[in-house]
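Input: a single structure, listed below in structure tokens.
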Amino acid sequence: MIGMESEAARSSTESPNDPPRRTLPGKAKRAARSLLVMYVGVCLAMMLLERRLVYQPPPRRFAPLTSSSCEDVWFSAADGTKLHGVFFPAPESQTVVLYCHGNGEDVAQGLSLGNRLRSQLGANVFLFDYRGYGRSEGTPDEDGVLQDGLAAQRWLAERSQCRPDQIVLIGRSLGGGVATNLAARQGARGLVLQNTFADMSATAATHYPWLPVRWLMRNRYPSEQRISTYQGPLLQSHGTADRLVPYSHGRRLFDACPSEDKQFFTIEGGGHNDPEPPEYEAALQDWFDGLPTSTDVAEP
């Protein structure tokens with residue numbers, strides 16, 4: 001009876017004209033929780049996809065790449081990963097160039113570039129594939145790719161009978177991050193950077209502003225930090241219409257280099273994958289002509 005009376009008493013206090021109970025805050029909380037779960041799921045998915053987004057090797061080609069004008073090269077990184085490259089010799093020249101390609105390229109696509117650099121610059125040229133690219137073994141990540149660059153520079157120095165810091169480094173896009181690390185770690189006779197980022201995580205943040213990529217990314221390539229220890233000759237170029245790596249990021253990288261012998265070549269209207277204009281090719285030739293001889297490079 002007590003229970004029945006209590007229920008009746010409560011009923012008598014309610015009026016049919018009373019407004020319905022507010023349930024919106026509860027629904028909003030549930031919706032917010034659902035959105036949070038979805039956002040965390042997207043962050044986790046992007047973390048899992050990061051390697052595929054950063055490294056995009058072309059389909060592998062296993063047919064021989066070399067001819068009488070160049071040599072097939074096999075060498076190993078410090079962790080034992082077997083790597084492949086192609087060497088373009090110029091026996092009459094003491095200029096030695098190591099080229100580091102972009103994230104969507106490989107040696108097979110660079111054969112004509114190797115021949116052109118050898119002819120234009122009168123240089124011995126070495127192109128190599130990072131792990132997971134071309135005929136190189138392994139799976140790419142920042143630590144491994146940087147190991148590959150160090151091994152390539154050392155192989156080329158041994159082959160050319162010179163020190164690693166007497167080699168000219170050329171890096172495009174991702175390869176610019178590799179070349180910058182080499183210049184900071186092992187030195188260089190000169191450093192050429194094309195459409196290169198200051199920091200990969202900062203560049204990614206411009207494409208995914210709604211993601212905390214600066215916290216999530218594992219492949220960061222902090223080139224702005226690394227180039228701060230390089231004081232040798234630098235030629236850097238960047239297109240003003242580069243939608244992948246903003247022009248301002250290239251300028252940031254250039255400004256971080258303390259070298260007193262540095263040049264920045266602006267390509268008006270140039271996109272990330274556009275070919276360099278003839279004016280740049282002339283500037284590259286002039287820059288090479290003005291480099292100190294390899295014997296004048298001070299040993300670190």
Name the pairs whose Cβ atoms lie under 8 Å apart, with the first residue in the range 158-171 and more than 18 Å from F128 (Cα to Cα) and open to solvent by 40 Å² or more (accessible area, probe 1.4 Å), the second modelled with pLDDT of 95 or more and among the aliphatic types (A, V, I, L, M), and 6 or more positions between them or separate chains?
-> R163/A157
Within the range 226-258, considering residues that are hydrophobic (A, V, I, L, M, F, W, C) and open to solvent by 10 Å² or more (accessible area, probe 1.4 Å), the one nearest to G270 (Cα to Cα) | A241
Within the set of pairs 6+ apart or on separate chains, which have a first residue in the range 98-113 that is among the polar types (S, T, N, Q), a second that is surrounded by fewer than 19 Cβ atoms within 10 Å (Cβ to Cβ), and C-beta atoms under 6 Å apart?
-> N103/Q56
Those residues of the range 113-133 that are surrounded by fewer than 24 Cβ atoms within 10 Å (Cβ to Cβ) and in contact with a Lys or Arg (Cβ under 6 Å, 6 or more places away or on another chain) come to a total of 0
Test result for T240, free of Cβ contacts under 8 Å to residues at least 40 places away in the same chain and of a type in the set (V, I, T) | yes
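Out of curiosity, is R189 open to solvent by 10 Å² or more (accessible area, probe 1.4 Å), touching a residue at least 60 places away in the same chain (Cβ under 8 Å), farther than 26 Å from E50 by Cα and among the charged types (D, E, K, R)?
On the way: open to solvent by 10 Å² or more (accessible area, probe 1.4 Å): yes; touching a residue at least 60 places away in the same chain (Cβ under 8 Å): yes; farther than 26 Å from E50 by Cα: yes; among the charged types (D, E, K, R): yes.
The answer is yes for R189.
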Restrict the check to the range 118-133 and report whether at least one residue is on the phi > 0 side of the Ramachandran plot and outside any helix (DSSP H, G or I).
-> yes
Scanning the range 90-105 for residues that are surrounded by 16 or more Cβ atoms within 10 Å (Cβ to Cβ) and either part of a loop (DSSP other than H, G, I, E, B) or of a type in the set (A, V, I, L, M) (or both) gives A90, T95, V96, V97, L98, H101, G102, N103, E105
Output the residue which, of all residues in the range 192-202 that are modelled with pLDDT under 95 and open to solvent by less than 10 Å² (accessible area, probe 1.4 Å), is farthest from the chain's Cα centre (by Cα).
-> A202
Failed condition for L216, given (1) surrounded by fewer than 19 Cβ atoms within 10 Å (Cβ to Cβ); (2) of a type in the set (A, V, I, L, M); (3) more than 15 Å from L53 (Cβ to Cβ) = (3)
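In the range 264-276, what residues are surrounded by 16 or more Cβ atoms within 10 Å (Cβ to Cβ) and modelled with pLDDT of 95 or more?
Filtering the range 264-276 down to residues surrounded by 16 or more Cβ atoms within 10 Å (Cβ to Cβ) leaves 264-265, 267, 270, 272, 276.
Correct list: F264, F265, I267, G270, H272.
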So S223 fits all but one of (1) under 24 Å from F288 (Cβ atoms); (2) open to solvent by less than 30 Å² (accessible area, probe 1.4 Å); (3) over 15 Å from the mean Cα position of the chain (by Cα); what number is the exception?
-> (3)
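The values are calculated or read from the model by the stated rules, or taken from the named source; none is laboratory data. Bear in mind that the values here come from a model prediction, so they are computed numbers and not experimental data. Positions of Cβ are generated from backbone atoms using ideal geometry, with glycine treated the same way; all protein chains shown enter the neighbour counts. Remember, those area values only see protein heavy atoms, side chains included, never the ligands or the DNA or RNA. Shrake-Rupley method; radii C 1.70, N 1.55, O 1.52, S 1.80 Å.
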